Structure formats: structure tokens, C-alpha cells
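The values are calculated or read from the model by the stated rules, or taken from the named source; none is laboratory data. Given the structure is predicted, the values throughout are model-derived calculations rather than measurements. Here the Cβ positions follow ideal geometry from the backbone for every residue, glycine too, while neighbour counts run over all protein chains shown. Accessible surface is based on the protein model in full, side chains and every heavy atom, while ligands, DNA and RNA are left aside. Shrake-Rupley method; radii C 1.70, N 1.55, O 1.52, S 1.80 Å.
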Amino acid sequence: MIKILNISKSFKNIEALKDITLEVNDGEILGLLGENGAGKSTLLRIISTMLKPSSGTALINGLDLISNSEEVRKNIGILFGSEVGLYDRLTPKENLEYFARLNGMSKDDINLRIEFLIEEFDFKKYFQRPCMELSKGMKQKVAIARAIVHNPSVMLFDEPESGLDFKASRTVLEFMEKCKLEGKCVIFSSHSLENIKNYSDKIAVLSKGQIMNIFSVKKYRAKYNERQINDIILNWVCKEDKND
Amino acid sequence: MIKYSLIVFFKEMKCIFRDKKTFIIGVLIPLILMPAMIALTDFSFNKNKNAADNLIISISNTDNSFYKFCHRCKGITVKDVKDAPSAIKNGEIAIYVLIDQDLDQKILSGEPFKFNIDYNQSSLSSVAATRAMAQYELDFRNLVMNKNFSSLEELNQAISEYSNFKTESTDSSISNSLLYLVLIAPLMIMIYCFVGSSSTALELSTGEKERSTWEPLLSTGISRRFIIVGKLLAATFTGFMSTLSTIIGFLGYLYFEGTLKSSGISWAGMIILIIISLFISAFISSISLALGIYSKSNKEAQTYFVPVLAFIVAPGYMATSMDVRNVGLFELSIPMLNIVCVIKESLIGVSNCFHLFVVSLWVVIYTFIVYKIACRLIEKESIIFKN
Ligand SMILES: Nc1ncnc2c1ncn2[C@@H]1O[C@H](COP(=O)(O)OP(=O)(O)O)[C@@H](O)[C@H]1O
Ligand SMILES: [Mg+2]
């Protein structure tokens, strides 16, 4: 579970995030909707401890992000869109092993986990070939497996479907849903309104580093039709400032 | 924990060795480069060896003991030419020896005397001939100096007995090409050590960024300095491997050619060279790694690398013109200058273990400092997420 408490982040003179407070429970997908430059990646990078917040903090499974960053990282899996980020000369198995070992897993755990992932993703046929010989779709699957090799309880998806063709993006999104069903806590950032609406439980609209609104998709669906929901959301996405 | 660094190290080695290109550039080429160079130079030096074995010279004055001496030497043919400079130029003679008019008087009175040797500086065979000539000159001096000849007859007597013994210079088994290569071998070894470690270190850092594995790697549970240590080890090892390949290729060739024993290669010198190359590898690797971490792409890193390279090489270059026999602790503390000093020392047969120790210590300190800088860089957000 993720608890974000008053996080702000500035890069020199750019205020990328302003006083963000959020909560995501286990077994829940939070959709982070925003245009390019809204601050989605920055927020996810802060949660994954790649960036330090300028102020505020967050608790990941109760662990403080700032004081306990190395432990926090072991609880987190990240998946990016277009870039698969695999070592071309290593086989899928070696890629997975490498990341598992760097996350401090024991040999037995690694073997069990990889067995499981082979079944899960139907890897058997190409598990012994170097990644550079694999098709893009296969690589994407390996990248997904890599992200969860250490079985993290928190998953961050940063525009995971961008740059992928229809089938591949479907694979990723369905995988995301599966994570949720397994009880993981998921944040999914995207600029696709459709995907965010279809896969999230809660939506946070981010614009210019500020959260414009957080709402439950279910509740909105009970009140409005799709068209109305779209209009409301787009209104927030494009709003200049919260206060005008 | 060293365990994590080793995980990184072994993974990098696996990647490096799976790439044929790295293997060819890092191992295969250094292995065959030196033998190929020896074979080539041997070919051209064989011609020169002829010139040295069969010296054709001319002497300024003919009525003296040195002229007689030269006639006695089997390897020398004395020609009388009118215009010595043009004879040298057109290859009629290899060497023109200008000697004192009153050479014999000087010998008898025990005064010093001079030989001026004129030769074609642009011809390799002529250069080889001067070497042989220098040996004959030495023999002559040994024969006549400090002997207190009482008369010219006695001097001539000594000369006429000379034919009994042989000059050694040219038919000693150590070939000219070998001498030449013993001189350039360390240079080649250093270059390969340099290239091997820097290219690997740059690839290990910027390669991660270009393949977008950098962020997933940094977001694993491992502390970032272990990543640096692992990569540093991998780059150092690769540079060292190239160095060893060069040395093995060189010595292997000499061994199979049968000249290893007579080559005069000092084992202590070789060992010092190997140890030093390990330190150079580590030093260059750490610098390249820090640069690679700082840069966004390999291209950017390359542009930074050129001035940095100049900065590293300049002190080393200074050392090549220094007399290394009296270097002090100050010189031994300047990076690269100190390394070149130790290499030069070992080449002239001075294997100074204390100097080796001091230099090693400094290189370790410098490498550590650069490593610390790299650790700083890898923690900086503005560098990891440069755009
Ligand atoms: N490393 C950085 N240095 C400076 N500015 C940055 C950096 N990363 C992001 N920004 C700025 O922060 C803002 C948010 O960026 P980002 O989080 O990448 O947006 P998104 O992922 O929503 O497209 C942008 O204005 C961007 O220019
Ligand atoms: Mg982004």
C-alpha cells in the first residue's frame, strides 16, 4: 500500500509536483491521468526512490521512502512503455536471474520464481536464446516478467502501453489487472483516457504538477454516462490552475 | 557487500564475451598484432642486416693503423672514393669515416682521438651499418688504447694479429628487429591496456543508458556503489586481458622463433609491466566509467573523453623525455607520469621495487578518488535523468 504525504518536487526553477497527497490500497489500481509534462513520471520516480522529493514523503508498505529507500526498492516493480530495457546478449532467463539476484533473492527462490514465470508467460520455447533474437512482443513479455521477478507488492506502470501495438499493449494492460487481482497495489500512469477509465479503480487527474481531482470510477459511472465522464475529466486535465 | 559487485561483474563479463566484436578487438587482435609486426619488421630488417654484415666504407686517410685494421676485418670492405657524400647518397658506400690526420701519433702518445662517422640518415640499412661500425670502432679502441706501444712497428704488429679474433657485433643471435620491438613493445602494451579498459568502461555505463536498462538497474534493491565496483572490475579485467594477450602474443612469437632466450628480455621488467598495466587499467577504467555515468550517450562521453585523454597523456608524455634515474617522490605522485617513469626504469634494467610500490599506492589512491566521484555522480538526480 502506498501513502503519499504532501510531496513536492522542483527541478531548479521548474515545479514538477506541488503538494501531492494520495493513497492507494492493496488490490487497487490508481490511474494517473495527465498530459505530457504533467508530472506523472516524476511522481512514479519518487515512489521508486529514483528521485528524492523536495518536501513531503511517502510510505510504501509502511516503509519510509527517504529513510528506508533500499528496502522500499525491493518492494517495488516498475514497467515502462516503449523501452523494454533488456540486456540483448543475455537470454531471458539470465536477464531475470540478474535482476532477481540484485534484489537479494536466494538461489532457491530464484529458481522457483523463474519456473513459475516460465509457466505464466509461456516462455519455454525461447528461454535459451539471447534477447536480441526475440520478437518485440516476446521482449515485452520478458520485460514484464523482469519487473515482477522479485514478486513486489507494489507495481508502477509508467505509460506501459505507449509505443506498443494493439496486441502488446493489451497483454500489458491485462497483466496489470492480474497484479491487482493478486492483491498488489498498482499505479498506472497514462495519457490515454480510455485505458485509464477501463482499467483503474480510482483516477487521479494530474495537471502541471497538481492533483486536480481524485474520484472512484464506479461512483462516477453510477452517476454519469461515459460522455459526461469524459467531459468532466478533460475539463480537469486541461484546466490552467486549480484556483481559477 | 562484495557479493553484489560480483554479480554485476560476472554478468558484465558474460555480456562482453558473448560479443564477438569485443572478443576480436580485446583478445584476438592484441594476440596476433605483435607477431605480425615482428614478422614485417624482420622482413625489412633482413635487408639491413646484410648491410651490417658486409660493411662497405670509405676512410678519410689511408696511411694509418685504422685503415689497416679495417682491411683485416672480414665484415668490412674499404673502398676509396673521391666524393664521399655523393657516394653515400647513391649507396656506393654505407659509411664514411673521418679520422684524425695524425691518428697513429696520437695513439702512440696516448692522446685521445676521434672518429667522425658520416652516413645516410634516411636509409635504414645505413643506420644499421653505423651500429655495426660502432662495434668495430670499439674493438679498435680496445685493441690500441692504453697499450703503451713504444713504436709504430709495435702498433702495426698488434693490428696484424687482430685478424685472429672475430668481431661479434653482427652475427650475435639477437636481431635488429627484436631490439626495435623490445623498445616499442611496452608502448603497444600500454596502448592496448588503455584502449581495452576505456572502451569497455564507456560501453558498460553509456550502453545501459542507450539500451534503457539504466533505470531498471538503478531501481533494484542493490546499492549503487556496488554497481560501480562491479563495472569497474569488469572494465579493469578487460583492459588487463588485452594487455596479457599482447604480452603472450609477443613472447609466444619469440618462443616459437627460438629467440626468446637471447632476446635479453628481463623477466623482472616484464612482471613489473604486467603489474603496472593492471593499475593503469583500473585508473583509466575508473575515469572512463565516471565519464560514462556523467554522459547521456556514448557520443557525449566520447567528446568528453578526448580532452580528458589529453590531460591524462600529457604528464605521461613529459616523462618520456625525462631522465628517470633520479626521479623523486614528487614525480612519482603525478598520475601517468609516475607510471611512465616506472615503465622506463624497468626497461633500462632498473627494477626498483620501492618505486613500484610508491606508484602503485598513488594509482590506487587516484583510482579511489575517481571511484568516489563516480559514486557521487550516480547519486545525482540531474545526472541520472539528464535530458
Ligand atoms: N531531470 C529533470 N530535470 C529537469 N526537469 C525535469 C526533469 N524531469 C522532469 N522534469 C520536468 O518536470 C515536469 C514533469 O515531467 P514528467 O514527470 O516527465 O512528466 P510526464 O511523465 O507526465 O510527461 C516537466 O516539465 C519536465 O520538463
Ligand atoms: Mg512520463
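Miscellaneous remarks
- Residue in the stretch A:149-157 that is crowded, with 17+ Cβ neighbours inside 10 Å, within 16 Å of ligand 2 (Cβ to nearest atom), touching a residue at least 60 places away in the same chain (Cβ under 8 Å) and within 14 Å of another protein chain (Cβ to nearest Cβ) present: yes
- Tallying residues that are open to solvent by 40 Å² or more (accessible area, probe 1.4 Å) and over 20 Å from the mean Cα position of the chain (by Cα) within the stretch A:181-229 yields 10.
- Top-ranked residue of the stretch A:158-181 - restricted to ones that are aliphatic (A, V, I, L, M) and either under 19 Å from A:Asp26 (Cβ atoms) or away from ligand 2 (no atom under 16 Å from the Cβ) (or both), ranked as modelled with the lowest pLDDT: A:Ala168
- Selection from the stretch A:164-180 of residues that are open to solvent by less than 20 Å² (accessible area, probe 1.4 Å) and among the β-branched types (Val, Ile, Thr): A:Val172
- Listed conditions (1) part of a helix (DSSP H, G or I); (2) of a type outside the set (Asp, Glu); (3) facing chain B (nearest Cβ under 9 Å) are all met by A:Ile78, apart from (1).
- Matching residues in the stretch B:339-387 - criterion: being of a type outside the set (A, V, I, L, M) and within 16 Å of ligand 1 (Cβ to nearest atom): B:Glu379, B:Lys380, B:Glu381, B:Ser382, B:Phe385, B:Lys386, B:Asn387
- Sole residue being surrounded by fewer than 19 Cβ atoms within 10 Å (Cβ to Cβ) and touching a residue at least 24 places away in the same chain (Cβ under 8 Å), chosen from B:Ser242, B:Ser285, B:Ser266, B:Ser281: B:Ser266
- Where strands (runs of 3 or more DSSP E) sit wholly within the stretch A:1-75, those with at least 1 residues that are within 16 Å of ligand 2 (Cβ to nearest atom) occupy A:2-11, A:14-24, A:28-33.
- Qualifying positions in the stretch A:24-68 - within 10 Å of ligand 1 (Cβ to nearest atom) and either open to solvent by 50 Å² or more (accessible area, probe 1.4 Å) or touching a Lys or Arg at 6+ places or on another chain (Cβ under 7 Å) (or both): A:Leu32, A:Gly34, A:Glu35, A:Asn36, A:Gly37, A:Ala38, A:Thr42, A:Arg45, A:Ile46, A:Leu51
- The requirement of being in contact (Cβ under 8 Å) with a residue 12 or more places away in the chain and within 16 Å of ligand 1 (Cβ to nearest atom) is not satisfied by A:Ile76.
- Given (1) crowded, with 17+ Cβ neighbours inside 10 Å; (2) over 19 Å from the mean Cα position of the chain (by Cα), number of the condition B:Ile369 does not satisfy: (1)
- Qualifying residue in the stretch A:91-102 (condition: more than 7 Å from chain B (Cβ to nearest Cβ), part of a loop (DSSP other than H, G, I, E, B), in contact (Cβ under 8 Å) with a residue 60 or more places away in the chain and open to solvent by less than 50 Å² (accessible area, probe 1.4 Å)): no
- Residues that are assigned to a loop (DSSP other than H, G, I, E, B) and either open to solvent by less than 70 Å² (accessible area, probe 1.4 Å) or of a type in the set (Phe, Trp, Tyr) (or both), drawn from the stretch B:48-61: B:Ser60, B:Asn61
- Residue that is farthest from the other protein chains (Cβ to nearest Cβ), among those in the stretch A:5-23 that are among the polar types (S, T, N, Q) and open to solvent by 30 Å² or more (accessible area, probe 1.4 Å): A:Thr21
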